Amino acid sequence: MNAQVREFRVPPLRDGLVLGRDASVGCVAIRKALDLLTTCAYTHIEPDDEVVGDIIVRESFLKRLPRDALIDFVLREIKPLMNRDEILEIELDVIVDITGQ
């Protein structure tokens with residue numbers, strides 16, 4: 001028997017989830033679970049797409065990346081990797097360059 005044991009993370013996800021349109025667990029259930037497990041605020045985005053049903057992303061993340069840019073990224077880069085019944089965890093790294101005067 002082989003086993004992998006790792007610490008349970010709280011919150012259980014870092015940046016967000018992409019839910020397929022036919023995922024076995026819906027957005028409402030995921031959001032309720034997150035409300036119980038973490039104090040971090042998450043935003044729910046519903047893109048108009050035949051594969052991707054919902055995007056749940058850490059609210060603070062949208063301060064660094066506009067909502068439309070995130071939707072475009074998910075549909076362009078993540079959607080081709082998933083089926084309608086999958087739920088994928090996403091970890092996003094955004095680098096913001098700030099130039100002062």
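All of the numbers you see were taken from the coordinates with simple rules; none came from a lab. Computed from a predicted structure; not experimentally measured. All Cβ positions, even for glycine, are placed from backbone atoms using ideal geometry, and neighbour counts span all protein chains on display.
Provide the net charge surrounding residue 84, with neighbours chosen by a C-beta distance below 9 Å and charges set as Lys +1, Arg +1, Asp -1, Glu -1.
It works out to a net charge of -3.
Which value, in nm² and rounded to one decimal, describes the direction-averaged projected area of the C-alpha convex hull of the chain?
With the hull built on Cα positions only, its mean projection is 9.0 nm².
Give a quick list of GluC sites (Glu not before Pro) in the range 38-100 that DSSP marks as loop, anything other than H, G, I, E or B, with at most 13 other Cβ atoms within 10 Å.
Counting only loop positions with at most 13 other Cβ atoms within 10 Å, the GluC sites (Glu not before Pro) in the range 38-100 are 50, 91.
In sequence order, what are the phi-derived ³J(HN,Hα) couplings for the range 52-64 according to the Karplus relation 6.51 cos²θ - 1.76 cosθ + 1.60 with θ = phi - 60°, rounded to whole Hz, with x for glycine and proline?
7, x, 8, 10, 10, 9, 4, 4, 5, 5, 6, 6, 9
If you consider only alpha-carbon coordinates, what radius of gyration and Dmax does the range 25-82 have, in Å?
12.0, 32
Once the Cβ-Cβ distance between residue 81 and residue 101 is put in as r, and R0 is 35 Å, what FRET efficiency do you end up with, to the nearest 0.05?
That gives a FRET efficiency of 0.25.
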